[in-house]
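A.B. asks: Following this message is one structure expressed as structure tokens.
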Amino acid sequence: QVQLVESGGGLVQAGGSLRLSCAASGRTLYNYAMAWFRHAPGKDREFTATISGINDVRDYDSSVKGRFTISRNNAKNTVYLQMNSLKPEDTAVYYCAAKWGPGTRDESRYDYWGQGTQVTVSS
């Protein structure tokens, strides 16, 4: 079993930055792909970014590419999402997820999920 706990959410003005963290316990993440998804009010949960295990291949949704950066520290068993140039439309609950093997945008392929952290961007 893998337990995931997100932190780092909060309220920020448009144009600002936040860094989300996802700390894992139960197993080391070395061979796991990690991802961030987000769920905005009135919308379905959507893919944001993913980073694969061993080779750190990254993939981003087009809405965040160039503004968000996903990274991982396997020694700390933690994944990060650095969010810059935030926009009001980035407001959502952000979820961390993990799966064995390569990353994917398909949320149904992820086995483990955190409880989410709220990000609110004011205009």
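A.B. asks: Run down ALA33, ALA49, ALA14, ALA40 and say which single residue is modelled with pLDDT of 95 or more, under 16 Å from TYR112 (Cα atoms) and touching a Ser or Thr at 6+ places or on another chain (Cβ under 7 Å).
C.D. replies: Values: ALA49 fails: touching a Ser or Thr at 6+ places or on another chain (Cβ under 7 Å); ALA14 fails: under 16 Å from TYR112 (Cα atoms); ALA40 fails: under 16 Å from TYR112 (Cα atoms).
After applying the criteria, what remains is ALA33.
A.B. asks: Could you tell me which residue of region 71-106 is modelled with the highest pLDDT, considering only residues that are basic (Lys, Arg) and more than 18 Å from THR117 (Cβ to Cβ)? Walk me through how you get there before you give the answer.
C.D. replies: Pass one, region 71-106, residues basic (Lys, Arg): 72, 76, 87, 99, 105.
Okay, now just the ones that are also more than 18 Å from THR117 (Cβ to Cβ), so 99, 105.
Values: LYS99: 95, ARG105: 98.
The extreme case among them is ARG105.
A.B. asks: Return the residue satisfying two criteria in turn: it lies in region 33-42 and is open to solvent by 10 Å² or more (accessible area, probe 1.4 Å) and not in a loop (DSSP other than H, G, I, E, B), and of such residues it is farthest from PHE68 (Cα to Cα). So that I can check it myself, show each step before the final result.
C.D. replies: Of region 33-42, the ones open to solvent by 10 Å² or more (accessible area, probe 1.4 Å) are 38-42.
Still in the list and also not in a loop (DSSP other than H, G, I, E, B): 38-39.
Details: ARG38: 13, HIS39: 16 Å.
Going through the qualifying residues, I end up with HIS39.
A.B. asks: Does region 2-21 hold any residues that are open to solvent by less than 60 Å² (accessible area, probe 1.4 Å) and touching a Phe, Trp or Tyr at 6+ places or on another chain (Cβ under 7 Å), and which are they?
C.D. replies: Passing the criteria: VAL2, LEU4, GLU6, GLY9, LEU20, SER21.
A.B. asks: Test ALA97 against the criterion of being more than 12 Å from SER21 (Cβ to Cβ), of a type in the set (A, V, I, L, M, F, W, C) and without any contact (Cβ under 8 Å) to a residue 40 or more places away in the chain, and give yes or no.
C.D. replies: On the way: more than 12 Å from SER21 (Cβ to Cβ): yes; of a type in the set (A, V, I, L, M, F, W, C): yes; without any contact (Cβ under 8 Å) to a residue 40 or more places away in the chain: no.
In short, no.
A.B. asks: Right, next: Tell me whether region 20-31 contains one or more residues that are of a type in the set (A, V, I, L, M, F, W, C), assigned to a strand (DSSP E or B) and closer than 19 Å to ARG109 by Cβ.
C.D. replies: Our first condition is that a residue be of a type in the set (A, V, I, L, M, F, W, C); within region 20-31, this holds for 20, 22-24, 29.
After this cut, where a residue has to be assigned to a strand (DSSP E or B) as well, the list is 20, 22-24.
Still in the list and also closer than 19 Å to ARG109 by Cβ: 22, 24.
Yes.
A.B. asks: In addition: When you check THR48 against the structure, is it open to solvent by less than 60 Å² (accessible area, probe 1.4 Å) and either small (Gly, Ala, Ser) or outside any strand (DSSP E or B) (or both), yes or no? Don't jump to the end; show me each part of the working.
C.D. replies: Working: open to solvent by less than 60 Å² (accessible area, probe 1.4 Å): yes; either small (Gly, Ala, Ser) or outside any strand (DSSP E or B) (or both): no.
Taking the combined requirement at face value, the residue does not satisfy it.
A.B. asks: Please verify whether THR120 is touching a residue at least 40 places away in the same chain (Cβ under 8 Å), among the polar types (S, T, N, Q) and outside any loop (DSSP other than H, G, I, E, B), treating the condition exactly as stated. Let's see the steps before the verdict.
C.D. replies: Numbers: touching a residue at least 40 places away in the same chain (Cβ under 8 Å): yes; among the polar types (S, T, N, Q): yes; outside any loop (DSSP other than H, G, I, E, B): yes.
Here the answer is yes, as THR120 does meet what is asked.
A.B. asks: Let me ask something else about it. Scan ARG67, ARG58 and give me the residue that is in contact with a Gly (Cβ under 9 Å, 6 or more places away or on another chain) and basic (Lys, Arg). So that I can check it myself, show each step before the final result.
C.D. replies: Working: ARG67 fails: in contact with a Gly (Cβ under 9 Å, 6 or more places away or on another chain).
Answer to the selection: ARG58.
A.B. asks: Another one. Only one residue in GLY10, GLY42 is more than 11 Å from the chain's Cα centre (by Cα), on the phi > 0 side of the Ramachandran plot and in contact (Cβ under 8 Å) with a residue 60 or more places away in the chain, so which one is that?
C.D. replies: Unique residue meeting the criteria: GLY10.
A.B. asks: Out of region 74-101, which residues are in contact with a Leu (Cβ under 9 Å, 6 or more places away or on another chain), in a strand (DSSP E or B), open to solvent by 10 Å² or more (accessible area, probe 1.4 Å) and farther than 18 Å from GLN13 by Cβ?
C.D. replies: THR78, TYR80, TYR95
The values are calculated or read from the model by the stated rules, or taken from the named source; none is laboratory data. Given the structure is predicted, the values throughout are model-derived calculations rather than measurements. Virtual Cβ from ideal backbone geometry, glycine too; neighbours counted across all protein chains shown. The accessibility values were calculated without ligands, DNA or RNA, using every heavy atom of the protein model including side chains. Shrake-Rupley method; radii C 1.70, N 1.55, O 1.52, S 1.80 Å.
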